[in-house]
Structure formats: C-alpha cells, structure tokens
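A.B. asks: This structure is in structure tokens; I'll ask about it shortly.
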Amino acid sequence: VYESCLNQPKRSRPIILKALEEAPQDELLVATLLKICKGLKDPLALAEAYEFDAALGGRTPKEQAESWASATELWDRAKKGKHAYDAARAALKLDAKSPMALKLLEKITHKLSKWDEHAVILASELELLKPKRSAQEKLASLKILKRLVETREVKLKDSVGAREALDRVVQIAPEESWAWERLRSLSRAAEDWVNLAAIDRRALKHVGP
C-alpha cells in the first residue's frame, strides 16, 4: 500500500524490512520487498530480498536453492565475497547438484583463493557431465578438467591429483597432445620411470611419438 500510494520504494523498503522482523514468513511482504528491490536496481538490496525469499517455508528445496543462487550472483556482482560464498553454500546445501550454484561457487572460491574447495567444486561440476553423450558435454568436461589440472598442479602442488585429472583428459580425448606432455612432465618430475614408459606406450597409439 505504501509503495503504490506514495510511489516511493526507497522509503517503503525499510518499513517492509521492519515488518519482516516480526513476520519473516509473510509471503506477501517478501514478494513486495522483491518487487521494490528489483525496481531500485540495487544489487545489495535485491540480494537481501532473495535471502528472505529463500528462507520462506512451504517451498521446495530446489526453489529455495534457486533464490540462494540468485542472491549469490548479486552479492558477487557487488564484490561481497563472504556474503556470496555463504549464499552459494546455502544453495548447495539444499540442491547439491545445482549447476548454477556450482558454477557460482567455482568462480567465488577462485576469487577467494580457496583452492582445496575450488578443486572439489570442479570435480562436482564434472560429475554432472557425460562426455560421451554429446560433443558439447565432452568439450565442457575438457574445459573443467583443464582448470582442475591447473588447480591441482599449480595452486595445490598436488602432482598426484593433477595426474589423475590428466588421465581423465586422455581417456575422454586421447588426441589431446598437451595432456600427454603434462603427464610425461609430471612423471619425470616424480622420477616415476615405470609410469613414464607406460604413458609413452599409450600416447604412441593416439598422438605418435
């Protein structure tokens, strides 16, 4: 009523927020808050509104996760890394296979240099793809694996994890010569001559000497 009568959404927002302190499950109040905040074009205000929306009862976990993911995107756009991280985690707690939430958390963990978690998120994204199902999913899998190799090898100094990721690359796309070279390089660095010989034999069948 305040919004429609006075047409002053900036003034009506704090009134609605005050009302939500007393009735956080009031769906009409939350819907009104979302409408106002979308009109304000204020990413921080809209992120907060989506969090109220996510907390409403009577919604499916998937619907709640979508609201948390929307909040995540807005917090991230506003460069509020901690808020974005917490919202993405809340989304994944409700829907562990949400592609949107996983992609957002991949981006946020990279920005926050949370490399262990970043690697886990990349692996979770990879599990959603079936590279044999389509050329598009194969390409997406390879892109994620390349980022996983970099994270494991460069950021985490985890040569074993990097080699595992590279091995998946050559299983999916044995024509990827860069992956064979990285496998060779890591085996040499580890002085794993038996594995190096095995890699050479496998590579010879696909990319030549």
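A.B. asks: Restricting to segment 72-81, give me the number of residues that are part of a helix (DSSP H, G or I) and either under 19 Å from Ala96 (Cα atoms) or open to solvent by 20 Å² or more (accessible area, probe 1.4 Å) (or both).
C.D. replies: Number of matching residues: 5.
A.B. asks: Take the residues of segment 120-145 that are of a type in the set (Ser, Thr, Tyr) and part of a helix (DSSP H, G or I): which is surrounded by the fewest Cβ atoms within 10 Å (Cβ to Cβ)?
C.D. replies: Ranking the qualifying residues of segment 120-145, first place goes to Ser124.
A.B. asks: Residues in segment 146-157: is at least one outside any helix (DSSP H, G or I), in contact with an Asp or Glu (Cβ under 8 Å, 6 or more places away or on another chain) and surrounded by fewer than 16 Cβ atoms within 10 Å (Cβ to Cβ)?
C.D. replies: Scanning segment 146-157 turns up at least one residue that is outside any helix (DSSP H, G or I), in contact with an Asp or Glu (Cβ under 8 Å, 6 or more places away or on another chain) and surrounded by fewer than 16 Cβ atoms within 10 Å (Cβ to Cβ).
A.B. asks: I need the full set of residues from segment 6-33 which are outside any helix (DSSP H, G or I), farther than 21 Å from Gly58 by Cβ and open to solvent by less than 100 Å² (accessible area, probe 1.4 Å), in order please.
C.D. replies: Gln8
A.B. asks: What residue, of Pro131, Pro99, is under 20 Å from Arg182 (Cβ atoms) and modelled with pLDDT under 95?
C.D. replies: Going through Pro131, Pro99 in turn, just one is under 20 Å from Arg182 (Cβ atoms) and modelled with pLDDT under 95: Pro131.
A.B. asks: Look through Ala55, Ala69, Ala65, Ala47 and report the one residue that is in contact with a Phe, Trp or Tyr (Cβ under 8 Å, 6 or more places away or on another chain), under 29 Å from Pro99 (Cα atoms) and modelled with pLDDT of 90 or more. Don't jump to the end; show me each part of the working.
C.D. replies: On the way: Ala55 fails: in contact with a Phe, Trp or Tyr (Cβ under 8 Å, 6 or more places away or on another chain); Ala69 fails: in contact with a Phe, Trp or Tyr (Cβ under 8 Å, 6 or more places away or on another chain); Ala65 fails: in contact with a Phe, Trp or Tyr (Cβ under 8 Å, 6 or more places away or on another chain).
Unique residue meeting the criteria: Ala47.
The values are calculated or read from the model by the stated rules, or taken from the named source; none is laboratory data. Source: prediction; values computed, not measured. Cβ coordinates were reconstructed from backbone atoms using ideal geometry, including for glycine residues, and neighbour counts include every protein chain displayed. Only protein heavy atoms, including side chains, enter the accessible area calculation; ligands, DNA and RNA are left aside. Shrake-Rupley method; radii C 1.70, N 1.55, O 1.52, S 1.80 Å.
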